[in-house]
Amino acid sequence: MSERPAVRLAAVAKRYPMHTPRGRLHSLKGALLHGELWRARQVGQGFLALQGVDLEIGHGETFAVIGPNGSGKSTLLKLVAGILRPTTGAVEVDGRVTALIELGAGFHPEISGRDNAIINGMMLGLSRAEVLHRLPEIVEFSGIGPFLDEPVKTYSSGMYVRLGFAVAVAVEPDVLVVDEILAVGDEAFAHRCLDRIARLQRRGTAILLVSHDLGLVEQLAQRALYLRGGAPVMTAPAGVAVARYRSDVAGEEAGAGEPAGSARRWGNGAVTLDAVELVDGAGRPLRLLASGESAAVRIAYTVRVPQEDFVFGVAINREDGSHVFGSNT
């Protein structure tokens, strides 16, 4: 295995040009009238999307990039994948890199999944014979067998992702760059992805991933870079970086909680719930519960008809309705 890092970024910054319509017109006009084409590229200071990034990722390491939307995560991935070039600094990749960053990128909508798989495999460095040899594995992993010869414009977003990931991992890259790998797809595909990632890790593939699923980051990554506003906050073991990010988010949201909406009630009214709240160890109401903190549920109720026994139950659901936890007395 190479002693060089799989990925190295040194003092990397990326600035995107920003031109107003009027500025763009004057820039083009000046360039055409005065032959100063070089000046057209200097109008406007632009938007600094990423700055001050220094990191090394080893072969076989899984490295995550976390942070809020607009913090520069996707820009960093595109720099490593070679889609973008840094404004300043250096990006070095040791070996073959494959990237899954934008849904359907590299697929031609009018041709079949089979032909797209072959073309993409060849673009990623395999010969046609090698792609054809691995095609059965690609088809099995993606699960799109019945639709393999249909134009990909008829595919769902999940089918796009499954085929793209299947081709990318079949190439057995030295560096795999992935943006929100499990954001699209069913549970069975998610398990196949995790199994394949584990196989790539054992093979020595460096994996650079972006995900808003912080639990997944802690599960897969050894280290993580926490970005905010285009600048690094910290590079640390994944659990440490995730804890810092969660703490920052909790601090921003503290005191911003809104009262719960009107209660949904059912039953015959013999017993009614008057209030339900979270309290800390001292019995003080909590508006926000940070990860790792302890809390109790305090329930106030009124009994209108004598009862022999009570059973109180509590369920915790995510905003999307997914059940997280439940318990009763």
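Can you spot a residue in the stretch 31-51 that is more than 30 Å from Ile144 (Cβ to Cβ), among the charged types (D, E, K, R) and modelled with pLDDT of 85 or more? Can you show your working first?
If we filter the stretch 31-51 for residues that are more than 30 Å from Ile144 (Cβ to Cβ), which is where we start, we get 31-51.
In the following step, the residues that additionally are among the charged types (D, E, K, R) were identified as 36, 39, 41.
Narrowing the set further to residues that are modelled with pLDDT of 85 or more leaves none.
There is no residue in the stretch 31-51 that is more than 30 Å from Ile144 (Cβ to Cβ), among the charged types (D, E, K, R) and modelled with pLDDT of 85 or more.
Can you name the number of the only condition in (1) of a type outside the set (Phe, Trp, Tyr); (2) exposed (fewer than 15 other Cβ atoms within 10 Å of the Cβ); (3) modelled with pLDDT of 95 or more that Gly58 fails?
Here Gly58 meets the rest and fails (2).
Taking the condition of being in a loop (DSSP other than H, G, I, E, B) and either among the polar types (S, T, N, Q) or in contact with a His (Cβ under 6 Å, 6 or more places away or on another chain) (or both), how many residues in the stretch 85-116 meet it?
Residues that pass the stated criteria total 1.
Which condition number in (1) at pLDDT below 80; (2) in contact with a strand residue (DSSP E or B) (Cβ under 9 Å, 6 or more places away or on another chain); (3) surrounded by 13 or more Cβ atoms within 10 Å (Cβ to Cβ) is the one that Ala238 fails?
(1)
Here are some conditions: (1) at pLDDT 80 or above; (2) surrounded by 10 or more Cβ atoms within 10 Å (Cβ to Cβ). Asn317 meets all but one. Which one does it not meet?
Here Asn317 clears every test but (1).
Can you say whether Ser156 is without any contact (Cβ under 8 Å) to a residue 24 or more places away in the chain and either farther than 26 Å from Val91 by Cβ or over 21 Å from the mean Cα position of the chain (by Cα) (or both), as far as the supplied structure shows?
For Ser156, the condition - without any contact (Cβ under 8 Å) to a residue 24 or more places away in the chain and either farther than 26 Å from Val91 by Cβ or over 21 Å from the mean Cα position of the chain (by Cα) (or both) - is met.
The values are calculated or read from the model by the stated rules, or taken from the named source; none is laboratory data. Because the structure is a prediction, the values reported are computed rather than measured. Using ideal geometry, Cβ is built from the backbone for each residue, glycine included, and neighbour counts are taken over all protein chains shown.
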